[in-house]
Amino acid sequence: MATLLRSKLSNVATSVSHKSQAKMSGMFARMGFQAATDEEAVGFAHCDDLDMEHRQGLQMDILKSEGGEEGAETPLEGDIHYQRDGTGPGPGPLPPSASKEACSELSGQGKPKITAWEAGWNVTNAIQGMFVLGLPYAILHGGYLGLFLIIFAAVVCCYTGKILIACLYEENEDGEIVRVRDSYVDIANACCAPRFPTLGGRIVNVAQIIELVMTCILYVVVSGNLMYNSFPNLPVSQKSWSIIATAVLLPCAFLKNLKAVSKFSLLCTLAHFVINILVIAYCLSRARDWAWDKVKFYIDVKKFPISIGIIVFSYTSQIFLPSLEGNMQNPKEFHCMMNWTHIAACILKGLFALVAYLTWADETKEVITDNLPSTIRAVVNIFLVAKALLSYPLPFFAAVEVLERSLFQDGNRAFFPNCYGGDGRLKSWGLTLRCALVVFTLLMAIYVPHFALLMGLTGSLTGAGLCFLLPSLFHLKLLWRKLLWHHVFFDVAIFVIGGICSISGFIHSLEGLIEAFRTNAED
């Protein structure tokens, strides 16, 4: 009787937890996740998904341990709790399809599903984010080859997105294709099992943290850069503007959730599209002066590898695709959705980069809005700064979630004591670490205030890894027995080409950053 009562109480607690999670996930999907850009959503949806799985796993483990202590009483119908590995409390595991359906019902209760068009809106915003403002600078150093890379990156990222989703599925005993994994981390862990069952997930988490923190740094850099170029007559340096921006962002350390911040996501995205239209409209007004002769086939050997990183970084979306596909009403439409979103992104990015470069040619700057006349530059840049400041909390919060979960909250595997007290409040030293992360992004922005170099480094290091190298490697590892020869060829080619581009771009970007760091240190 005591066991039955405890089981009922656990059911009530679990139900309340799931409803709360579903409410937050629904709010994220409607207001934040669907309206977030690449830099906003790349870790946001992934962290939300991992957090739900982590908490459910803790609840399942507690129920399992309680059941083992009291004996082998059979639970009543409707009181069965499934563990994360798909097994129930009975004598043997459930069939893969049944366990998957049960887990989906448990974790997705009340979770709104999205249509293919809504999923396409997610992906479009992810790959049409604020950092497309650096693409004309890539054309400056790459010419027509830079335009080719914009097309090539779109094709490859579309393909790797599809094969990454293919790694989520396996064929069961009945010959049916079922979803057996839920996230990028699950795929990585499956590839490294059984010898290193958690190594792959840790590598993906490290790459994600680097990309999220670098994104935060880029927001501070672009805020200081835009404000300095908007008001050049004021006695305020770019570093000072970065410090002011960071002072505004310091309250992010106190964030408990993204409910307040996510309300601005849709507004930020719409404002960004308006800004892009204004830039293109101005460029079209100067079509008579376009410098077609400046677009060459030669490349700047020293700076072009940085352009590769910039282009790749503008297409990064793979990290949240598993969560997105899992929330679609009809997952079979995922491939079609990926096709038209990347075709649209390729066309829009190519036109934006080419038109902007033709307008300013060799005078093209790292952030294209700095080339606008002073009469409209200040207005456009202020809107961009507002968007950057409002977007900063999303990747910051996602990075904090991953760090706290992996270092402070991962049960017996945590490296440090829990940063939360028994009442759920953040401890003072945990708050200090959050503030330190904000200050770290400021220091990096001050000592390396180069938007293109940081963007190229991030794209070459984590962008190429998450979009090119890992998906092709995982696809070969998990599904190589079922792959056709041309799939194997494509995977190997993408891995080799992506590796070469990644290493080359990383080396050149790192050299540029070291040189810039030394110059700033001397000043």
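Values for this structure:
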{"item": "Residues (over 14 Å from F468 (Cα atoms) and open to solvent by less than 20 Å² (accessible area, probe 1.4 Å)) located in region 149-164", "result": "I150"}
{"item": "When residues of region 279-299 are limited to those that are aliphatic (A, V, I, L, M) and part of a helix (DSSP H, G or I), the one least open to solvent (accessible area, probe 1.4 Å)", "result": "V279"}
{"item": "Some residue of region 505-519 being under 29 Å from L218 (Cβ atoms), of a type in the set (D, E), out of contact with any Lys or Arg (no Cβ under 8 Å at 6 or more places or on another chain) and part of a helix (DSSP H, G or I)", "result": "yes"}
{"item": "Selected residue [open to solvent by less than 10 Å² (accessible area, probe 1.4 Å), assigned to a helix (DSSP H, G or I), over 30 Å from L390 (Cβ atoms) and touching a residue at least 60 places away in the same chain (Cβ under 8 Å)] from G143, G201, G134", "result": "G143"}
{"item": "Flag for K387 being open to solvent by less than 10 Å² (accessible area, probe 1.4 Å) and either in a loop (DSSP other than H, G, I, E, B) or at pLDDT below 85 (or both)", "result": "yes"}
{"item": "Top-ranked residue in region 460-502 [being part of a helix (DSSP H, G or I), free of Cβ contacts under 8 Å to residues at least 12 places away in the same chain and aliphatic (A, V, I, L, M); ranked as least open to solvent (accessible area, probe 1.4 Å)]", "result": "A493"}
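Matching residues to (1) assigned to a loop (DSSP other than H, G, I, E, B); (2) surrounded by fewer than 24 Cβ atoms within 10 Å (Cβ to Cβ); (3) touching a strand residue (DSSP E or B) at 6+ places or on another chain (Cβ under 6 Å):
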residue: V301; (1), (2), (3): yes, yes, no
residue: I306; (1), (2), (3): no, no, no
residue: G309; (1), (2), (3): no, no, no
residue: I319; (1), (2), (3): no, no, no
residue: E325; (1), (2), (3): no, yes, no
residue: W340; (1), (2), (3): no, yes, no
residue: I343; (1), (2), (3): no, yes, no
residue: G350; (1), (2), (3): no, yes, no
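The values are calculated or read from the model by the stated rules, or taken from the named source; none is laboratory data. Since we're looking at a predicted model, the values are computed, not measured. In this analysis, Cβ positions are derived from the backbone assuming ideal geometry, glycine residues included, and neighbour counts consider all displayed protein chains. Each accessible area value is taken on the protein alone, full model and side chains, heavy atoms only, with ligands, DNA and RNA left out. Shrake-Rupley method; radii C 1.70, N 1.55, O 1.52, S 1.80 Å.
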